[in-house]
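Remarks on the structure that follows.
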Amino acid sequence: MTELSIIIVNYKTPGLVLDCLQTVYAQTQGIGFEVLVVDNASGDDSRQLITRQYPFIKWIQLDYNAGFARANNIGIRQSSGSAVLLLNSDTLVEDGAIEGCYGEMTASSYFAAGVQLLNIDRTPQISGNFFMKGGLNYLLPLPYMGNWIKKVAELFKISKPNVPEASGLVEVDWINGAFLMVKRSAIEKVGLMDEDFFLYAEEAEWCSRLRRLGKLCIYGQYHVIHLQGASANETFSSTGKGYYNLYDRKGLQIMLSNFVRIRKQFGVGWFLVQLVCYILEIPVFFVGMLLSRLSRRSSHYSFTQFRHYCGNVGRVMAKSGIIIRNKPYFYKVL
């Protein structure tokens, strides 16, 4: 059996995949591994460009844009490694991070592991996270209301829901899907990723099931550069990094996926609590912007963002019946 199967999902980003593969092969010398590239019906010259330089990879061509969870599941089913690494196309591997993580994880009792992700300027990205009751951390991106929640949390010294930077081994509840390594024995017990998800939050839900089985960790001594949001921004014709964008199609996908995850992991009650908070944010958002303008203070937000936020909340509300029933459904915005 192959030691490690590396799965990369491509959607119209051959340049990113080629840069990623160059670092994978240059930095991974000490273990036997295979690379599977799953193409989400890019409809461009991705296959030709990538396989011309790397003819030995396994190319899996899909006939529709299946998103992150379904594409990776197809890759996992066709892989042969004793462990699987889900690796974003917009990553660059450094200093033997893949084989280092593999060696540490397979010699340990951890069922899944990640590494410390870095921005291109080498500042740390959040790589590991902790579960908050009801997924309350999803309230933090809300305009105005999210800032108040942060201040209250600081006042009561509530722990952050993530690891800002890991310098060594840190146990976590869930791992950023840009670099997520999982033992096959664990996958066989908890199953694959939930295919209701198109993009975002699927790794958190999957890790919640893995976490019930055993422990997960970040190996902070190993580094991978993550060009955060590069592939998703291209997909959604969006801009910005992270998950604080709630104002365009990418923001709608983030919002919808987060609510689906809350329902699946925490239940109907917490789903409704969060939905009410997102609805209550609408008047708060409007009054906050109005007061900023009346006081001639600069506002971080525009009325265009307010309008788009209201539209996205409305679209989530329209799906709320399906989410509550928790029947199989593909929550795809594109």
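I'd like the full set of residues that are among the aromatic types (F, W, Y), over 20 Å from L256 (Cβ atoms) and surrounded by 12 or more Cβ atoms within 10 Å (Cβ to Cβ), limited to region 132-175.
Y144, W148
Go through (1) assigned to a helix (DSSP H, G or I); (2) touching a Leu at 6+ places or on another chain (Cβ under 7 Å) and name the single condition G177 misses.
(1)
Go through (1) closer than 27 Å to R325 by Cβ; (2) assigned by TED's automatic domain parsing to the domain that holds T28; (3) assigned to a loop (DSSP other than H, G, I, E, B) one by one and return the number of the condition S108 breaks.
All conditions pass for S108, except number (1).
Kindly provide the set of residues from region 63-93 that are part of a loop (DSSP other than H, G, I, E, B), touching a strand residue (DSSP E or B) at 6+ places or on another chain (Cβ under 7 Å) and buried (at least 18 other Cβ atoms within 10 Å of the Cβ), ordered by number.
S79, G81, N88, S89, D90
Would you be able to say whether some residue in region 5-21 is more than 27 Å from G103 (Cβ to Cβ) and of a type in the set (S, T, N, Q)?
Yes, region 5-21 contains at least one residue that is more than 27 Å from G103 (Cβ to Cβ) and of a type in the set (S, T, N, Q).
Go through region 285-303 and report how many residues are part of a helix (DSSP H, G or I) and either more than 21 Å from L256 (Cβ to Cβ) or free of Cβ contacts under 8 Å to residues at least 24 places away in the same chain (or both).
10
Here is a check on your reading of the model: is K160 part of a loop (DSSP other than H, G, I, E, B), modelled with pLDDT under 95 and out of contact with any strand residue (DSSP E or B) (no Cβ under 7 Å at 6 or more places or on another chain)?
When the stated conditions are applied, K160 passes them.
Criterion first (assigned to a loop (DSSP other than H, G, I, E, B) and not hydrophobic (A, V, I, L, M, F, W, C)) does S208 satisfy it?
no
Taking region 1-49 as the region of interest, how many residues are surrounded by 19 or more Cβ atoms within 10 Å (Cβ to Cβ), assigned to a helix (DSSP H, G or I) and not polar (S, T, N, Q)?
Number of matching residues: 6.
Whether any residue in region 179-188 is without any contact (Cβ under 8 Å) to a residue 12 or more places away in the chain and within 24 Å of V260 (Cα to Cα) is what I want to check.
Yes, region 179-188 contains a residue that is without any contact (Cβ under 8 Å) to a residue 12 or more places away in the chain and within 24 Å of V260 (Cα to Cα).
The values are calculated or read from the model by the stated rules, or taken from the named source; none is laboratory data. Every value quoted in this text rests on a predicted model; they were computed, and no experiment measured them. Glycine gets a Cβ as well: all are built from the backbone with ideal geometry, and neighbour counts include every protein chain shown.
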